[in-house]
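Structure, as structure tokens:
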Amino acid sequence: QFFVFCHGLLQLSQLLVSGYLKSSISTIERRYGLSSRTSGLLASFNEVGNTLLIVFISYFGSRVHRPRFIGAGAILVSLAGFLMSLPHFITGPYEFDQSVASTFSNTTDLCQPRPRANLSDASCTPRASRENHEVLLVMFIAQALLGIGGVPIQPFGISYIDDFASERNSPLYLGILFSVTVIGPGVAFMLGSAMLRFYVDIDKVSGAEVQLTHEDPRWVGAWWLGFLVAASLVALSAVPYFFFPREMPKEVGEVLQVGLFALLLPGFPLVLLRNLRHPVYLLVVLAQVNISAMVAGLATFMGKFLERQFSLTASFANMIIGAVNIPGAMVGIVVGGAILKRFQMSLRRCSALCVLGMFLCLLVAFPLLFLGCPTQKVAGVTYSDSSEFGHHELECNLQCNCPEKAYNPICGSNSIEYISPCSAGCRAVNIQEDTNAVLNYTNCSCISENGSFANPGTCSTGCSHLFLPFVVLSCLAGILASTSHTPSFMLILRSIQPEDKSFAVGIQFMLLRVLAWMPGPILYGSAIDTTCILWEKRCDRKAACRYYDNTLFRRRW
């Protein structure tokens, strides 16, 4: 029972490390200027290390000291977690465009008629571009290590428990572990929600110097902090494993040796063919591949989607996912299992239940295509009303010599957004005395109506009333889709020969990894990138996306 407790703790903290990346992905994109395709590749890269090794590890399953192997894997996972946070410590402080000269920047993005030094070249030193490659390299290595370290944890833990637990208790123990793996991602998103409220350079600058609030589009939260917390938890959970015996006395109950590692069979290719030729097995696994690819992409970018569609902070978006969507999916899984148990379903009924769950999910999810916000009007990006302004739109800030890459969005009194105070032609800024926070910008040559002033931050898209229906429907769709989770597993387990069972589940997970969890986030990230209308430029390369076409983003997503 102590082993089960330790294993639950370890699996939870391992999932914290891998799930936390998903919760902070939009923040990491902004901080290091990554496209969603790159961040999707990063998010799925841990599956690479995992897939390459899982077959070998399962093969040696019964011949090694399993608890020590689990402990060693956990040490690797915790190392990976610490490595993930390393980029924060090897790069300089986060720089953003400001209107008020401060300790870290003496430039201002107000309209200045005299020529200014070109900002975009100043920040692109060879060191800056090298720094960027280093950051990506470190993160990809960390993700690969995370995958490799995670390999022994689940299969060895499950087989160890199954070997030494009594037959009566084994399902209970495995059920406990399964529920932990479902709760894990929810906890990770909540951790993300908490950490992203702190400013990224909380350790490098004092609070008084930071003039950003979380609502600010330039805000970057302390993404690295969560990795430190999660990695420390993994390291702590790893300790007891080095003290468990190689074998335990079996709990009271009859002895039953289940070969979880059927890969030792000499007839390996024959079994593989036999299973893949089985139509039910093949179809169900393909169905699972499709839904898993969707879930992998959704889980990676759901936070980003909510942030962009409904102008939410990263912290709040994570809280919604962790507190509403993931628990919804858990409810669905439990309900599906309960229906199976209550009605003692045949295989045909199992598949009918899966079809029904998916069909209802589609019905509920269909309105989500239309629930979202229009793209905000951004002068010169999504909006140029030539009839009203003549060519005033371009000429109103010509004398300002605006730096190309300035990004400090403001909302004009004409409710049009401008990329920076300079692009709105604003010449003056009002500052709150004590906090140094910007109150508003005045004397803006591009804003003609309502007093030609502007407020800091993006313009609201004015559709916050759609957020609640979106959350309710997406949660409901998640519940309905996940009712098919347990029946689809039953279809697999009951349709194949008993001696192939563990092997078939192994192949199933291999296929899910290779066909769903790896490509899923990359596909989603690439689709998201196609809807970008304004890219940030860093050293003449595309960095993170500044503005998306919200309607396209929603439809392609």
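The values are calculated or read from the model by the stated rules, or taken from the named source; none is laboratory data. Please read these numbers as outputs of a predicted model, since none were measured by experiment. With ideal geometry, Cβ positions are generated from the backbone for all residues, glycine too; neighbour counts draw on all protein chains shown. To get the accessible areas, we keep the full protein, side chains included, count just its heavy atoms, and leave off ligands, DNA and RNA. Shrake-Rupley method; radii C 1.70, N 1.55, O 1.52, S 1.80 Å.
I want to check the label-to-label distance for residue 198 and residue 323. Put each point 7 Å from Cα in the C-beta direction and report it in nm to one decimal.
With each label placed 7 Å out from Cα toward Cβ, I get 2.1 nm.
Students sometimes get this wrong: rank 517, 535 by accessible area, probe 1.4 Å, all chains present, largest first.
The ranking, largest first, comes out as 517, 535.
Going by accessible area, probe 1.4 Å, with all protein chains left in place, what is the ranking of 168, 494, largest first?
168, 494
How high is the FRET efficiency from residue 465 to residue 347, r the C-beta distance, R0 45 Å, rounded to 0.05?
For R0 = 45 Å, the calculated efficiency reads 0.50.
Can you tell me the orientation of helix 519-529 relative to the chain, as the angle in degrees between its alpha-carbon axis and the longest Cα principal axis, to the nearest 10?
Approximately 10 degrees, to the nearest 10.
Residue separation times 0.36 nm, minus the C-alpha to C-alpha distance between residue 90 and residue 112: what's the value?
Here the answer is 4.5 nm.
Can you give the calculated 222 nm mean residue ellipticity of the chain, where each DSSP H run of n ≥ 4 adds -39,500 (n - 2.57) and the sum is split over every residue, rounded to the nearest 500 deg cm²/dmol?
-18000 deg cm²/dmol
Between residue 383 and residue 1, 0.36 nm times their residue separation minus their Cα-Cα distance comes to what?
Computed gain between residue 383 and residue 1 is 131.2 nm.
Net charge within 12 Å of residue 493 by Cβ-Cβ distance, Lys/Arg positive one each and Asp/Glu negative one each, not counting residue 493 itself?
Its environment carries a net charge of +1.
With Cβ to Cβ distances under 12 Å as the rule, what net charge do the other residues near residue 526 carry (K, R +1; D, E -1)?
Around residue 526, the surrounding residues sum to +1.
Quick one: accessible surface of residue 251, probe radius 1.4 Å, all protein chains present, in square angstrom to the nearest 10.
Accessible area, nearest 10 Å²: 50 Å².
To the nearest 10 square angstrom, how much accessible area does residue 501 have with a 1.4 angstrom probe?
About 80 Å², rounded to the nearest 10.
Take residue 242 and residue 213, extend 7 Å from each Cα along the Cα→Cβ direction, and tell me the distance between the two endpoints in nm.
That separation, rounded to one decimal, is 4.9 nm.
Which aspartates and glutamates have a Cα lying under 16 Å from the Cα of residue 250, excluding residues fewer than 8 positions away in the same chain?
Cα-Cα hits under 16 Å: 162, 163, 167.
Treating only the Cβ atoms of Lys and Arg (+1) and Asp and Glu (-1) as charged, compute the dipole magnitude of the chain about its Cα centre; round to the nearest 20 debye.
Dipole magnitude for the chain comes out near 1720 debye.
So, in nm, how far is label residue 533 from label residue 331 when the simple model puts each one 7 Å beyond its Cα toward the Cβ?
3.7 nm
At a probe radius of 1.4 Å, what is the per-residue accessible area of residue 468, in Å² to the nearest 10?
Counting only protein heavy atoms, residue 468 exposes about 120 Å² to solvent.
What percentages, rounded to whole numbers, describe P(r) for the chain computed over all alpha carbon pairs with 10 Å bin width beginning at zero?
Computed distribution, short to long bins: 3, 16, 25, 23, 15, 9, 5, 2, 0.
Which entries of 405/542; 377/537; 204/537 have Cα-Cα distances beyond 18 Å here?
377/537; 204/537
Give me, ordered by chain and number, the residues 5 or more places off residue 220 or on other chains with an amide H under 5 Å from its own placed amide H.
Hits under the 5 Å cutoff: 200.
Just reorder 214, 65, 88 by solvent-accessible area, largest first, 1.4 Å probe, all chains present.
Sorted descending by solvent-accessible area, the residues read 214, 65, 88.
What list of ³J(HN,Hα) values in whole Hz, one per residue of segment 321-334 in order, does the Karplus curve 6.51 cos²θ - 1.76 cosθ + 1.60 (θ = phi - 60°) give from phi, with Gly and Pro shown as x?
In residue order, the calculated couplings are 5, x, 9, 10, 5, 5, x, x, 5, 4, 4, x, 4, 5 Hz.
How much length would be gained if the chain were fully extended between residue 556 and residue 178, taking 0.36 nm per residue of separation minus their Cα-Cα distance, in nm to one decimal?
132.8 nm
Report the net charge of residues surrounding residue 135, where surrounding means a beta-carbon distance below 14 angstrom and charges are Lys +1, Arg +1, Asp -1, Glu -1.
Net charge around residue 135: +3.
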